[in-house]
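Q: I have a structure I would like to understand better, so I am pasting it below and will then ask my questions one at a time.
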Amino acid sequence: MSSSLMAASVPLLPTVMRFCCDALAWTLRLLRGHASAKETHAFVFTHCIHGNPTSVLATFDIYAETHVTFAIGAQTGQALDEVGRHMRPSRVLELGTYLGYSSVILLRLLPPFGRLVTVEKDSKVANLAEEIILVAGFKDPQFQVLTGKSSKIIPTLHSFLGTGPRTSDTFHMVLMDHNPRLYLVDLQALEDQNLLCPTGCTIVLILRNPKKKFLEKLYDWMDERRDFYRIKSQLHGIIEIFYQSNN
Ligand SMILES: C[S@@+](CC[C@H](N)C(=O)[O-])C[C@H]1O[C@@H](n2cnc3c(N)ncnc32)[C@H](O)[C@@H]1O
């Protein structure tokens, strides 16, 4: 009787072991709480293969198995990657850099002449992010980390886009992962400043348990402006919006 029970439970062993590992990782994350930006940066810096963006992202993911971090992580990262591959943007704006996890995903999508401008309000975190992006192998003209609050930086963005033959002063893609309370006002400011590409701009909003009322406000506003804005998808914690003013 006991040997037949054992034989029946053998196929379940991998599932049980996976469950135990997940439970252990979850307990560790709970006990350790939020990892500091400095600790996360130190782990990624020392364990990743320098010059290899995929290794940088994988090292963040390994750290996130046992620590709580602000990075968007593998699943949302993959959804962002898919949106970007479809859009093929060459000028991207990111609000909320943190340590540069999503910046590395965005930079991987850019053509050689492409450009990422990323905004982080915390200057110490912004410096750490810049180091991670350089460690991933991206060079200075491909990206710029701007330090300051989005509300202060947005009105200055035209001056960071340049006017060379292959540049223009609007963005093809905007990623917002800074503060859901600011998503609507910052989107309005970007449109007011003519920073969204009129022939098409994808706006990706990362949702981390946002208050329902912020989303309702955003949806109501977009509904009033449905000639310009269209929600394309809402998957894996991201909302993908398409903006076009040259119809
Ligand atoms: C959730 S984290 C971003 C995570 C990042 N996208 C990643 O995947 O690694 C949010 C970041 O936005 C920054 N932030 C919050 N409000 C901001 C604002 N108004 N302007 C610029 N950065 C802001 C925070 O300091 C924090 O580093």
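The values are calculated or read from the model by the stated rules, or taken from the named source; none is laboratory data. On a predicted model such as this, the values are computed, not experimentally measured, just so you know. Neighbour counts run over all protein chains shown; Cβ positions are idealised from the backbone, glycine included.
Q: Among the residues of segment 86-98, which ones are within 10 Å of the chain's Cα centre (by Cα) and part of a loop (DSSP other than H, G, I, E, B)?
A: 96, 97, 98
Q: Between 186, 122, 177, 169, which is at pLDDT 95 or above, assigned by TED's automatic domain parsing to the domain that holds residue 88 and farther than 30 Å from residue 42 by Cβ?
A: Checking each option against the conditions leaves just 186.
Q: How many of the residues making up segment 187-212 are touching a residue at least 40 places away in the same chain (Cβ under 8 Å), in a loop (DSSP other than H, G, I, E, B) and under 19 Å from the mean Cα position of the chain (by Cα)?
A: Residues in segment 187-212 being touching a residue at least 40 places away in the same chain (Cβ under 8 Å), in a loop (DSSP other than H, G, I, E, B) and under 19 Å from the mean Cα position of the chain (by Cα): 0 in total.
Okay, residues lined up against (1) within 13 Å of the ligand (Cβ to nearest atom); (2) surrounded by 13 or more Cβ atoms within 10 Å (Cβ to Cβ); (3) closer than 26 Å to residue 76 by Cβ; (4) not small (Gly, Ala, Ser):
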residue: 173; (1), (2), (3), (4): no, yes, yes, yes
residue: 189; (1), (2), (3), (4): yes, yes, yes, no
residue: 199; (1), (2), (3), (4): no, no, no, yes
residue: 220; (1), (2), (3), (4): no, no, yes, yes
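Q: Of all residues being among the β-branched types (Val, Ile, Thr), surrounded by fewer than 24 Cβ atoms within 10 Å (Cβ to Cβ) and not in a strand (DSSP E or B) in segment 68-85, which is farthest from the ligand (Cβ to nearest atom)? Just the residue, please.
A: Top of the filtered list is 83.
Q: Tell me, yes or no, whether segment 90-108 has at least one residue that is near the ligand (Cβ under 8 Å from one of its atoms) and out of contact with any Asp or Glu (no Cβ under 8 Å at 6 or more places or on another chain).
A: yes
Q: Can I ask one more? Can you tell me which residue in segment 234-247 is farthest from the chain's Cα centre (by Cα), limited to those that are touching a residue at least 40 places away in the same chain (Cβ under 8 Å) and farther than 18 Å from residue 180 by Cβ?
A: 246
Q: Sticking with this structure for a sec: Only one of (1) at pLDDT below 95; (2) touching a Ser or Thr at 6+ places or on another chain (Cβ under 7 Å) fails for residue 72. Which number is that?
A: Residue 72 satisfies all of (1) at pLDDT below 95; (2) touching a Ser or Thr at 6+ places or on another chain (Cβ under 7 Å) except (1).
Q: Evaluate the following for residue 56: is it within 14 Å of the ligand (Cβ to nearest atom), of a type in the set (A, V, I, L, M, F, W, C) and outside the structural domain of residue 38 (by TED's automatic domain parsing)?
A: The answer is no for residue 56.
Q: Further question: With respect to residue 235, determine if the residue is in the same structural domain as residue 115 (by TED's automatic domain parsing) and either within 14 Å of the ligand (Cβ to nearest atom) or crowded, with 17+ Cβ neighbours inside 10 Å (or both).
A: Here the answer is no, as residue 235 does not meet what is asked.
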